[in-house]
Every structure is written in C-alpha cells, then in structure tokens.
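Enquirer: Mind having a look at this structure? Questions to follow.
Read the figures in this text as sums done on the coordinates, not as results from a lab. Since this is a predicted model, take the numbers as computed values, not measurements. Don't worry about glycine lacking a Cβ; one is built from the backbone with ideal geometry, like all the others, and counts go over all protein chains shown.
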Amino acid sequence: MEKLEALKETLIEGQKLSMQGSWDRRAPAKKAVPFLLEARRGLKDYVVENETIPLAWRLLSQAEECLLNYNNAIYCLERAMELDKKNQKDLKRLFLLKDYGGMWNELNLSPEQLESLGIFLDEKLNADDCDHSLKLTKSWLEDNIPKSKLSKIVKALKNQGGFCDCEVLSNVVD
Ligand SMILES: [Zn+2]
C-alpha cells in the first residue's frame, strides 16, 4: 500500500502540472508528462501484482486519461468497477471517458505495431544519435500506416511525450 501511496503522489504532481483541469480535453503540459509517465509505468506494474485493488485501477485510469489514452482509461475504470460497489460517480466518469474518447486522437497502434516501431527505432538509434526530430518515427509510419492517419498518430505520440525519436522509444514504445 505504501508503494501505491507514492504512485498516487506522483500522479497528483503530474495532474497539477498538466494544466488540464477536470474534464479539460487539452493535451497535458509538457512538464507534466514525465510525472504522468512515471505514475503510469509504476501503476501498470502494480496492477500486475495487485489486480484486485480497485484504487490501483482507478489511479491507472486517471493516468491514462491525463495522457489522453481513453481506451485504456475506460478499460481500467471498468476493472475498478468490477471490484468495487457500484456508484454514480464511476458511471458518470465512464460515460464522459467514452464521450471524450471519440473526440480525441488515440494512438491506435496495435501492440505488434508498437513493438515493430520500437525495434526499428532501437536499431536506427544505435547506429546514429537522435537528431531531436521525429524523422525516423515518421519514416516508419509512412511505410506501415495509411497516410490519412499519419498526422493524428504524430499528435498522439506527442501527447505521450514523444517529441523526437529517442523520446518515442523511451516514453511511448517502452
Ligand atoms: Zn531525441
């Protein structure tokens, strides 16, 4: 439980910095992203070991929501609701998440695609340093994703702290 408290603190710090306000559909402020990613990473590990603790699922749902991953936020909230007494607040939140999910650009890459992108970036960045652009990521996307989806995916990558190739590798694919 102590570990969960610490993750909660990190998440709250990220939420404060994110400047999103409640139910604001803006991308998180850049300085908030490292906190949000750290909280999400820790909570993801936490729920693997503690899958029956509703609070952990709720916090993970909030972290995903801040990073605008509405599909994941919905999934985690539903897990919490299965473990907890039904309440009105959850139902309202679930409704809003579904509503907002439809409006925002989700990353929408399959786990296999993310893995393949990760392998590609890892190879290229081992040969050459990151040039602080999304050059490599974009070239992979152009070869693997329909053109019409490109700009949405690039936006979604940035929402998750992927502003250049090495950040995509460490923040998004990882
Ligand atoms: Zn970089």
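Enquirer: Would you mind checking the tilt of helix 2-18 against the longest principal axis of the Cα atoms of the chain, expressed as 0 to 90 degrees and rounded to 10?
Expert: So the inclination is approximately 60 degrees.
Enquirer: On to the next question. Quote the charge dipole size of the chain about the Cα centre in Debye, to the nearest 20; the model charges only the Cβ of Lys and Arg (+1) and of Asp and Glu (-1).
Expert: Values: 26 positive and 29 negative charges, 206 e Å.
With only Lys, Arg, Asp and Glu charged at Cβ, the dipole is about 1000 debye.
Enquirer: Please give the charge dipole size of segment 93-174, origin at the Cα centre, charges +1 on K and R Cβ atoms and -1 on D and E Cβ atoms. Round to the nearest 20 debye.
Expert: Values: 10 positive and 14 negative charges, 128 e Å.
My answer is approximately 620 debye.
Enquirer: Length gain on complete extension for the stretch K135 to N50, per 0.36 nm per residue less the alpha carbon to alpha carbon distance? Working shown, then result.
Expert: Values: separation 85, 0.36 × 85 = 30.60 nm, distance 3.92 nm.
Difference between extended and current length: 26.7 nm.
Enquirer: Charges at C-beta only: +1 for Lys and Arg, -1 for Asp and Glu. How large is the resulting dipole of segment 2-103 about its Cα centre, in Debye rounded to 20? The partial results should precede the final answer.
Expert: Values: 18 positive and 16 negative charges, 83 e Å.
Computed about the Cα centre, the dipole is about 400 debye.
Enquirer: For the pair S110 and S170, how long in nm is the line joining their label points, each one 7 Å along Cα→Cβ?
Expert: Taking the simple label geometry, S110 and S170 are separated by 3.0 nm.
Enquirer: Right, here's the next one. Can you tell me the orientation of helix 54-66 relative to the chain, as the angle in degrees between its alpha-carbon axis and the longest Cα principal axis, to the nearest 10?
Expert: Around 40 degrees separate the two axes.
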